[in-house]
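Shown next, in structure tokens, is the structure this report addresses.
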Amino acid sequence: MLDLKFLRENPEEVKKAFLSRGLEFEVGDLLALDEKRRRILGEVEGLRSYRNRVSREFAKAKFEDKEFLVEKEKIREISEKISHLEKELSQIEEEIENTLLNLPNLPHSSVPIGKDETENQLIRSWGKKRDFSFEPLPHWEIGKILGILDFERGAKLAKSRFTVSMGAGAQLERALIQFMLDLHTKEHGYVEVWPPLLVNSQTMTGTGQLPKFGEDMFFCSEDGLYLIPTAEVPLTNLHAGEILDGNQLPLKYTAYTPCFRREAGSYGRDTRGIIRQHQFNKVELVKITKPEQSYDELESLVGDAEEVLKRLELPYRVILLCTGDLGFSSAKTYDLEVWLPGENTYKEISSCSNCEDFQARRAKIRYKEGQAGKPRLVHTLNGSGLAVGRTVAAILENYQEADGSVIVPEVLRPYMGGLKKIVSRES
RNA sequence: GGAGAGAUGGCCGAGAGGUUGAAGGCACUCGCCUGCUAAGCGAGUAAGGGGGUUUAAAGCCUCCUUCGAGGGUUCGAAUCCCUCUCUCUCCGCCA
């Protein structure tokens, strides 16, 4: 959420920042509303102050005095006026809140200006694309040949964009989750969390999914709960409403969770394979930091995610998103894109963002340095470390052999009972 | 799902219509005292918002709000009434 004070003092800067995201927003109305709010607030407070003072005197007064009765009537009228103004005030405040909740974050100054993904910046590439002596297949073909990915039965059980993983396919998901969690907890210092997969609307508002993106989520209306689209939601909101001890920052959390997305409006994109599913596994990384350390922490967060790809020996590149491609809550985002030889393309497999105080302001996550001083908003960061389904796809495509079998990456073998090669399953 | 009890500051806990933003304790901070430690003595320690002061921040001054959330009664509500949420105990159900 945008800081109203910042907007008040830098209206032109804010306008320009939104424009760089492709959002035309007239700040004038909001500022006028804010001015009106402060005017009425001043009036209400003055009246309340008067009422409080007189009421306190009543405590000592004789209740039968004529003066008391007259004054009492007067205060009654003032109270009516107050409640009238309060109603107006809360309407204005709601309108302001509503507007602010629907505005995206401001891009960081290091983010390149650009209108869409074509203007994203390549930061670095890693790994060598393998030379195939045969035509590499896309992962859905390999999955079918091996009998480890079943799209028809997924659609039968639920609907399209649901897939059943069988045998080594299911095992591969589990092995990857275990491998990633072990890496992040044992070597990168993250605390493992197993959070609720259903959360309430307040939590969804804290990280920015609501009110704007309700359509993208599965919602259980009976209970007012949403299925999480990413573990970023419960992890970041863990400390919602809290004032943390500055000495404990940064906090680093990791969680494996299934993620649920309705993918409304993505018809026709990635319709084949397991790249875009309604339900997928992901290991998420979240950091809660002081403002002055958040950009260093973003770099190391990206490194933590990259390490997974390096150990799996999957070629990838790091992309810095331009202003026009930036997510709603993010001030700066790096995407990791893994090489998919079967589809001859790079595909996003991780997205690492610094949300600065955007989510912290919504979720009221603050910290205090020692005894003295005011609470300050923390910065929140999140990144995939990694999307598990897409990692499976990348392994199938990068490690495929001419006979249709797939070599198991070395680091995963201990997690697969020593399995070195996935061969066709007798179905 | 049924019955009952409860929700107060960083924590524990008093408070039952009127200078109570809230006794007391614990914890913490600063000072004093003391070979060290412990104890003792003194002072202090909630958050949000508006306005003022300041180049700005910090700080300071001032006002308002907040005792789970929302609404009501009243000149005045932590205290009375209603609704909701959550926690605990017992019963039922259940992996």
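The values are calculated or read from the model by the stated rules, or taken from the named source; none is laboratory data. This structure is a prediction, so every number in the text was calculated from the model and none was measured. Because the Cβ atoms are built from the backbone with ideal geometry, glycine has one as well, and the counts that use them run over all protein chains shown. Areas reflect the complete protein model, heavy atoms only, side chains present, ligands, DNA and RNA absent. Shrake-Rupley method; radii C 1.70, N 1.55, O 1.52, S 1.80 Å.
In region A:297-374, a dipole from Cβ-located charges (positive for Lys and Arg, negative for Asp and Glu) runs towards its positive end, and of A:I319, A:N354, A:V338 it is A:N354 whose Cα lies farthest in that direction.
The phi-based Karplus calculation (6.51 cos²θ - 1.76 cosθ + 1.60; θ = phi - 60°) puts the 3J(HN,Hα) values of region A:144-161 at 5, 4, 7, x, 10, 10, 10, 7, 4, 5, x, 5, 5, 6, 10, 6, 5, 6 Hz, whole numbers, x for Gly and Pro. When the solvent-accessible area of region A:117-422 is split by element, carbon and sulfur atoms take up 47 percent of it, the probe being 1.4 Å.
Between amide H atoms placed 1.01 Å from N, distances below 5 Å from A:C259 occur with A:F280, A:N281, A:K282, all of them 5 or more places distant or on a separate chain. The lysine pair count for region A:4-101, using Cα distances under 29 Å and pairs eight or more places apart or on different chains, is 21.
For region A:166-185 versus region A:10-56, the spacing of their alpha-carbon centroids is 51 Å. A simple spin-label model places the labels of A:L19 and A:I78 4.9 nm from each other, with each point 7 Å out along Cα-to-Cβ.
Projecting label points 7 angstrom from Cα along Cα→Cβ for A:D131 and A:S405 puts them 2.4 nm apart. For the peptides A:167-175, A:244-252, residues were scored by their other Cβ atoms within 10 Å and the scores averaged per peptide; the highest-first order is A:167-175, A:244-252.
Close amide H partners of A:Y190, meaning residues 5 or more places away or on another chain with modelled amide H under 5 Å apart, are A:T185. For chain A, the ratio of Cα radius of gyration to the globular rule of thumb 2.2 N^0.38 Å stands at 1.23. Charges were assigned to the Cβ only: +1 to each Lys and Arg, -1 to each Asp and Glu. The resulting dipole of chain A about its Cα centre is roughly 580 debye. Peptides A:289-296, A:416-423 ranked from most to least packed, by the mean per-residue count of other Cβ atoms within 10 Å: A:289-296, A:416-423. When +1 charges are put on Lys and Arg Cβ atoms and -1 charges on Asp and Glu Cβ atoms, the dipole computed for region A:4-101 relative to its Cα centre reaches about 460 debye.
Taking all protein chains into account, the per residue accessible area for chain A stands at 50 Å² (1.4 Å probe). Taking amide H as placed 1.01 Å from N in the peptide plane, the amide H of A:S351 sits under 5 Å from that of A:L336, A:S384, each at least 5 places away or on another chain.
Each principal axis of the Cα cloud of region A:4-101 was taken in turn, and the coordinate range along them, longest first, works out to 68, 19, 17 Å. Find which of A:G224, A:L285, A:L122 sits farthest along the positive direction of the dipole of chain A, computed with +1 on the beta-carbon of Lys and Arg, -1 on that of Asp and Glu, about the Cα centre. So the residue we want is A:G224. How many percent of the accessible area of region A:4-101 is carbon or sulfur, using a 1.4 Å probe? Heavy-atom surface of region A:4-101 belonging to carbon and sulfur, 1.4 Å probe: 49 percent. When both bridge partners sit in chain A, DSSP labels roughly 90% of those beta bridges antiparallel. Spacing of the modelled spin labels on A:Y50 and A:A264, each 7 Å from Cα toward Cβ, amounts to 5.0 nm.
Each peptide in A:344-357, A:14-27 receives the mean, over its residues, of other Cβ atoms within 10 Å, and ordering these scores from highest gives A:344-357, A:14-27.
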